[in-house]
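Have a look at the structure below before the remarks.
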Amino acid sequence: MEQPIWARDLPIFLAEIYKKIEAIAPDGVEEKLTDLVGWVHRLPSRNPRRTYLSDILRGRKILTPYEMNGIRRVRIELESGRDIRPFLGERTASIRNRRDEKRNPKQRNDLFFSDWGLHHFHLGADLANTGKRVMRSRRVLIAHLTESDAYLLDVVPHGKGFPDVWGNTTYLKILYRNWPEILEQYEIKGLLASALEGEVQPFDYIKLRQNGINVPIEIDGKIFMGPGLGISGDGSSTRAVQRADNIQNELSEGEKLFREQQPEVEAFLYVGKDASVGFFVPEKDTAFSVFSGRHSHYHVTVFLYRLIHESGIFEKLPEGTIWTPVPRHS
């Protein structure tokens, strides 16, 4: 069976993304796509968010002036819709390096985010004034973000001496106590806490995640799945795997529509600067659009819009620019 156009050409485009951001690409198209989907999902989109402080941070937590200033700056960035990446941990902000994982399994993706949907922000200052990275801080801010809101939960120590910090269910309990509606959508109805075999300890959550095993969380006698939707067997985010599957299905359907109109011509995938997607026919020097970009709600265009924006692959190129793996006529 002849390989679909998109399956032949998409890996070339994704490889150029990896090169642009100086990351190490895996071999297969599904791995490239899944890891890039997971990457842009972990990076908070640059739109303004309302910020809320938990009861812990509203006076019950002893914070240093340095930490209070760090939280203030994080809130300003979130509320302004600016790039929050300088405050993120390295594993969150970086694309997954599967080759490094084989040598050192501890270097896996941000499994804390994949499982529980929680970010952590460093509270240091940008002393070098580069705008790229604040200083790593001993204590970090734990938060849950949606597209419109940011819920700031707690400030906790991490790193050496705190091996169980990423398995502590306290953060989700704070989230539920302050904003129960956030977790209610993840409740597993009909499952009682007594059905769980004993209490799961923080370090158990960490070890189970590393083996691709998802464990529900018990809060106030109710059982919840992790708001991140969990980890697949190979360590990928379950949500990223699902979205990558949706993208591939949409591309397959889009190619069918194109072939109904242009059944015999030689064609290549194209990706527009505006995240539009279609097929380029060199013989006619014509690009046939299948998915309109930017304002579309297709999985493929939503993903590509974020990917193009975060990678800068079309940076400084004029509007209307398209990528295709073959040269176009001038």
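The values are calculated or read from the model by the stated rules, or taken from the named source; none is laboratory data. What you see is a predicted model; the values in this text were computed from it and never measured. Positions of Cβ are generated from backbone atoms using ideal geometry, with glycine treated the same way; all protein chains shown enter the neighbour counts.
Just a yes or no: is a residue in segment 74-92 over 17 Å from the mean Cα position of the chain (by Cα), free of Cβ contacts under 8 Å to residues at least 12 places away in the same chain and closer than 30 Å to ARG177 by Cα?
Yes, there is a match, as at least one residue in segment 74-92 is over 17 Å from the mean Cα position of the chain (by Cα), free of Cβ contacts under 8 Å to residues at least 12 places away in the same chain and closer than 30 Å to ARG177 by Cα.
When ILE231 is evaluated against the numbered criteria (1) surrounded by fewer than 21 Cβ atoms within 10 Å (Cβ to Cβ); (2) touching a Lys or Arg at 6+ places or on another chain (Cβ under 6 Å), which criterion, by number, is the only one it fails?
Failed condition: (1).
Identify the single condition in (1) modelled with pLDDT under 95; (2) in a helix (DSSP H, G or I); (3) surrounded by fewer than 19 Cβ atoms within 10 Å (Cβ to Cβ) that THR92 does not satisfy, given that it satisfies every other one.
It is condition (3) that THR92 fails.
Which residue is nearest to SER94 (Cα to Cα), if the candidates are limited to segment 130-149 and must be among the small types (Gly, Ala, Ser) and assigned to a loop (DSSP other than H, G, I, E, B)?
GLY131
Can you confirm whether LEU57 is crowded, with 16+ Cβ neighbours inside 10 Å, assigned by TED's automatic domain parsing to the domain that holds HIS144, more than 22 Å from the chain's Cα centre (by Cα) and in a helix (DSSP H, G or I)?
So LEU57 passes the test.
Taking segment 152-177 only, how many residues are part of a strand (DSSP E or B), of a type outside the set (A, V, I, L, M) and touching a helix residue (DSSP H, G or I) at 6+ places or on another chain (Cβ under 6 Å)?
Here the count works out to 1.
Scan segment 106-129 and give yes if some residue there is surrounded by fewer than 15 Cβ atoms within 10 Å (Cβ to Cβ), of a type outside the set (S, T, N, Q), part of a helix (DSSP H, G or I) and in the same structural domain as PRO180 (by TED's automatic domain parsing), otherwise no.
yes
Assess whether ILE182 counts as being part of a helix (DSSP H, G or I), under 30 Å from ILE62 (Cβ atoms) and among the aliphatic types (A, V, I, L, M).
Taking the combined requirement at face value, the residue satisfies it.
Would you mind finding the one in ASP83, ASP100 that is outside any helix (DSSP H, G or I), under 21 Å from ASP35 (Cα atoms) and not hydrophobic (A, V, I, L, M, F, W, C)?
Unique residue meeting the criteria: ASP83.
Rundown of residues vs (1) among the β-branched types (Val, Ile, Thr); (2) over 24 Å from the mean Cα position of the chain (by Cα); (3) surrounded by fewer than 18 Cβ atoms within 10 Å (Cβ to Cβ), yes/no style:
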{"site": "SER148", "(1), (2), (3)": "no, no, yes"}
{"site": "VAL155", "(1), (2), (3)": "yes, no, no"}
{"site": "ARG177", "(1), (2), (3)": "no, yes, yes"}
{"site": "PRO180", "(1), (2), (3)": "no, no, yes"}
{"site": "GLU184", "(1), (2), (3)": "no, no, yes"}
{"site": "LYS207", "(1), (2), (3)": "no, no, yes"}
{"site": "GLY221", "(1), (2), (3)": "no, yes, yes"}
{"site": "THR238", "(1), (2), (3)": "yes, no, no"}
{"site": "ARG243", "(1), (2), (3)": "no, no, no"}
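From (1) farther than 18 Å from VAL29 by Cβ; (2) in a loop (DSSP other than H, G, I, E, B); (3) assigned by TED's automatic domain parsing to the domain that holds TRP6, pick out the condition that doesn't hold for ILE213.
Every listed condition holds for ILE213 apart from (3).
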